[in-house]
Each structure stands twice: as structure tokens, then as C-alpha cells.
Amino acid sequence: MAIINWSSNLSVKIDKIDNQHKKLISMINELHDAMKAGQANDIIGKILNDLINYTAEHFKTEEDLMIKFKYPDYNQHKIEHTKFVQEVNNIKKDLEAQKMMLSLKVMNFLKDWLSNHIMKSDQKYSNFFNTNGIN
């Protein structure tokens, strides 16, 4: 069962970014399924690495558009991205060092951060980019 589902409420009305958000949701669900199935740490680690790498690619897409179109809240948005990357990298290090297990608490953090970030921070740029011809 999915821990997070795509809905039209999450759409920022920019196809490329919506598709990236859908993929991130899918990856979080894959990680959640692996955790629930009790899969080995190497499998969970690979999924987490893929999620980290894809998240970086997604953030770059958003930030490149923000720079190109001089998005006024770029700095704040970039700070949110940086904090998230740091937090996920800390989770990865703790998992690798066996200081923690992938838990529902970690999964809820990922789910909540992504959905809140999309519904609050990302929604703020939706109209800005749409009026600049980005759909």
C-alpha cells in the first residue's frame, strides 16, 4: 500500500515538474514497500541512493528555472532544498552505520516533507512560471 499518492492537488501545472514529482512519490512508495517487506539493507540502500540522486536532479530542474526567470523566492526555496538534502544524507549515513533502521518515522518524514513542500513552496512558483510560458 502506498504511503503517498499523487493527486491533482499536488500539480504545479508544469508537466516536467509534475512528472518528476510523480516519480519521487513512486520512489518513496518503493522505499516504503521495501521497508515493510523487511528487505535487506543493501536493497533499501540502493533505493535510497536512487531517491537521493533523482531528488538532486529534480531540485536542479526547479532551481535552473528559478534562476532563468529570476524567481523572487529563489533563495528561500534553495535553502529548503539544501536542508532536505542534508537531512536525507544524514538518514543515509545513519542507516549505513547501522545507527538506525528505516522506520515508519523516517518514511513519514519523507512523505510529509515532499507533500508539504509541493503544496506550499512549489505551489508558490506555479503561477509565476505559468505566466512566463512554462507549462
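Note on segment 49-79: residues that are open to solvent by 50 Å² or more (accessible area, probe 1.4 Å) and either touching a Pro at 6+ places or on another chain (Cβ under 8 Å) or acidic (Asp, Glu) (or both) total 4. Condition first: in contact (Cβ under 8 Å) with a residue 40 or more places away in the chain, of a type in the set (Val, Ile, Thr) and over 15 Å from Gln20 (Cβ atoms). Can you find one or more residues in segment 42-65 that meet it? There is at least one residue in segment 42-65 that is in contact (Cβ under 8 Å) with a residue 40 or more places away in the chain, of a type in the set (Val, Ile, Thr) and over 15 Å from Gln20 (Cβ atoms).
Within segment 118-130, none of the residues are of a type in the set (Gly, Ala, Ser), without any contact (Cβ under 8 Å) to a residue 60 or more places away in the chain and on the phi > 0 side of the Ramachandran plot.
Residue count for segment 47-85, restricted to those that are more than 17 Å from the chain's Cα centre (by Cα), over 22 Å from Asp15 (Cβ atoms) and part of a helix (DSSP H, G or I): 1.
Any residue that is modelled with pLDDT of 90 or more and at positive phi - is there at least one of those in segment 68-84? Before you say what the answer is, go through the steps one by one.
Residues of segment 68-84 that are modelled with pLDDT of 90 or more, as a first pass: 68-84.
Applying the additional criterion that residues be at positive phi yields 70.
Checked against the condition, which is being modelled with pLDDT of 90 or more and at positive phi, segment 68-84 yields at least one hit.
In the condition set (1) open to solvent by less than 30 Å² (accessible area, probe 1.4 Å); (2) modelled with pLDDT of 90 or more; (3) out of contact with any His (no Cβ under 9 Å at 6 or more places or on another chain), Asn19 is compliant with all but (1).
With respect to the conditions (1) part of a helix (DSSP H, G or I); (2) aliphatic (A, V, I, L, M); (3) at pLDDT 95 or above, Ile28 falls short on a single one, namely (3). Scanning segment 36-46 for residues that are loosely packed, with under 11 Cβ neighbours inside 10 Å and part of a helix (DSSP H, G or I) yields a single hit, Asp42.
Considering only segment 82-94, I want to know if a residue exists there that is of a type in the set (S, T, N, Q) and surrounded by 18 or more Cβ atoms within 10 Å (Cβ to Cβ). Break it down stepwise before answering.
Just the residues of segment 82-94 that are of a type in the set (S, T, N, Q), to begin with: 82, 86, 89-90.
Within this subset, residues satisfying the condition of being surrounded by 18 or more Cβ atoms within 10 Å (Cβ to Cβ) are none.
No, segment 82-94 contains no residue that is of a type in the set (S, T, N, Q) and surrounded by 18 or more Cβ atoms within 10 Å (Cβ to Cβ).
Taking residues in segment 1-23 that are within 17 Å of Lys120 (Cα to Cα) and part of a helix (DSSP H, G or I), and partners anywhere that are open to solvent by less than 90 Å² (accessible area, probe 1.4 Å) and of a type in the set (Ser, Thr, Tyr), the pairs with Cβ atoms closer than 6 Å and at least 6 places apart or on different chains are Asp18/Ser11.
The values are calculated or read from the model by the stated rules, or taken from the named source; none is laboratory data. Here the structure is a predicted model, which means the values were calculated and not measured. All Cβ positions, glycine included, derive from the backbone under ideal geometry; neighbour counts span all protein chains shown. The protein model used for the area step is the full one, side chains on, heavy atoms only, and it has no ligands, DNA or RNA in it. Shrake-Rupley method; radii C 1.70, N 1.55, O 1.52, S 1.80 Å.
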